[in-house]
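Each remark here refers to the structure printed beneath this line.
The values are calculated or read from the model by the stated rules, or taken from the named source; none is laboratory data. Note that the structure is predicted; figures quoted are calculated from it, not measured. Positions of Cβ are backbone-derived with ideal geometry, glycine not excepted, and every protein chain shown enters the neighbour counts. The area values use the complete protein model at the heavy-atom level, side chains included, leaving out ligands, DNA and RNA. Shrake-Rupley method; radii C 1.70, N 1.55, O 1.52, S 1.80 Å.
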There are 2 protein chains.
Amino acid sequence: MAFRYPGGKKYTGSRRQHTSPSPPLFGNRGMTLEQDLNDTNQYYRSTGRAVIHKKPTPVQIVDVDYPKRSAAKITEAYFKQPSTTDYNGIYRGRYIDFEAKETRNKTSFPFGNIHAHQMEHMSEVLRHEGIAFLIIRFTLLEETYLYDAARFIEWYFEQKERKSIPLPDIRENGHMIPLKYSPRIDYLDIIDRIYFS
Amino acid sequence: MAFRYPGGKKYTGSRRQHTSPSPPLFGNRGMTLEQDLNDTNQYYRSTGRAVIHKKPTPVQIVDVDYPKRSAAKITEAYFKQPSTTDYNGIYRGRYIDFEAKETRNKTSFPFGNIHAHQMEHMSEVLRHEGIAFLIIRFTLLEETYLYDAARFIEWYFEQKERKSIPLPDIRENGHMIPLKYSPRIDYLDIIDRIYFS
């Protein structure tokens, strides 16, 4: 099922090549959450702390050219709605699963950012004793939070009249992730605290 | 890094849409290993046994068209080499990770089927106490095996003069997965036996 990114939003993911495990020392502003997480996960892998990857963007391939002397070229394809969250892996022997989203909203996190399939996926992960959460960045406020998936799902299903989680709840019940140089967003420190202690 | 599928091999993945959790009752022949695994994983999810997904095919997107009234169309993209294995998820609280390959070879499984990155990834998973293995199908022999990743890596690194694992070793030390109607390839039964007992 192909879909159009809402509001004609341009695709920005997966273009930047990550060739070095060490992020640049300056210039944190302007890095997207995805870039910060890719750097962070690369740091975790290279230091042997965890094995967590972003899944590739799901694409429905319709047509491919096979030129004789060069790489196969996909000439027609469409974005598909993901059936799972974007990130998963293993940490301290546990299965880790999360979705990461940026919002320009300054007062709440709209549920519209997370698809029904992704919600269902996170519930399944929790049923199977995995660790599931969201990483939410309020771009304009420059605040990034780790927010437990169980609580997110509770909000979503029990408070149907609302279409978002208010920022005060995220500030109170989420866990702020400070921006650092390396790793940029050290979310495993928070995982240690809330899921392993 | 874009790459060309060796031997001008055509891309066959991800075209088939899975709309129903129940596989057809007949016609096992001709199903690819990927299709069998997709059906099996869907069966496991729908019965609440495990949450295991195939990762999307990694694609480097170069150009996208945004027509006014229809879905964004990717007009130039290339296949990328995967940095991890294709399948992962959670089962009985444990992280599960595997690669699945078909070969038309009748006497051995050539290492060339598995990229160095994937080998490295499986080692990392094992270091972090995940369960990692390969599912290898000898298409012409109609035999499918689960083969432990640790043993696979040992062969790869310690027996550099060889370029493949001989079939007799796979028959002796792998675990044959019988073909069934539903789920088609019940690999979790073997996982129960070799990793949980």
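A few remarks follow.
- Residue match in the range A:147-162 (condition: in contact with a helix residue (DSSP H, G or I) (Cβ under 7 Å, 6 or more places away or on another chain) and touching a residue at least 40 places away in the same chain (Cβ under 8 Å)): yes
- Given (1) closer than 30 Å to residue A:58 by Cβ; (2) modelled with pLDDT under 95; (3) not charged (D, E, K, R), number of the condition residue B:188 does not satisfy: (2)
- A Cβ distance below 7 Å, combined with a sequence gap of six or more or placement on separate chains, defines the contacts here; from the range B:168-197, residues that are within 23 Å of residue B:106 (Cβ to Cβ) reach residues that are surrounded by 18 or more Cβ atoms within 10 Å (Cβ to Cβ) and modelled with pLDDT under 95 in the pairs B:184/B:23.
- Being touching a residue at least 12 places away in the same chain (Cβ under 8 Å) and not aromatic (Phe, Trp, Tyr) is a property that residue A:108 has.
- Filter result (open to solvent by less than 20 Å² (accessible area, probe 1.4 Å) and more than 7 Å from every other protein chain (Cβ to nearest Cβ)) within the range B:51-90: B:52, B:85, B:87, B:89
- Against the criterion of being at pLDDT below 95 and of a type in the set (Gly, Ala, Ser), residue A:116 qualifies.
- Residue match in the range A:165-181 (condition: more than 14 Å from chain B (Cβ to nearest Cβ), closer than 21 Å to residue A:54 by Cβ and in contact with a Gly (Cβ under 6 Å, 6 or more places away or on another chain)): no
- Against the list (1) at pLDDT 95 or above; (2) out of contact with any Gly (no Cβ under 9 Å at 6 or more places or on another chain), the condition residue B:54 fails is (2).
- Strands (runs of 3 or more DSSP E) fully within the range B:97-197 counting 2 or more residues that are within 22 Å of residue B:31 (Cα to Cα) and open to solvent by less than 10 Å² (accessible area, probe 1.4 Å): B:131-138, B:143-148
- Test result for residue A:41, polar (S, T, N, Q), more than 9 Å from chain B (Cβ to nearest Cβ), out of contact with any Cys (no Cβ under 8 Å at 6 or more places or on another chain) and outside any loop (DSSP other than H, G, I, E, B): yes
- Where residue A:118 falls short, out of the listed (1) farther than 29 Å from residue A:180 by Cα; (2) within 14 Å of another protein chain (Cβ to nearest Cβ): (1)
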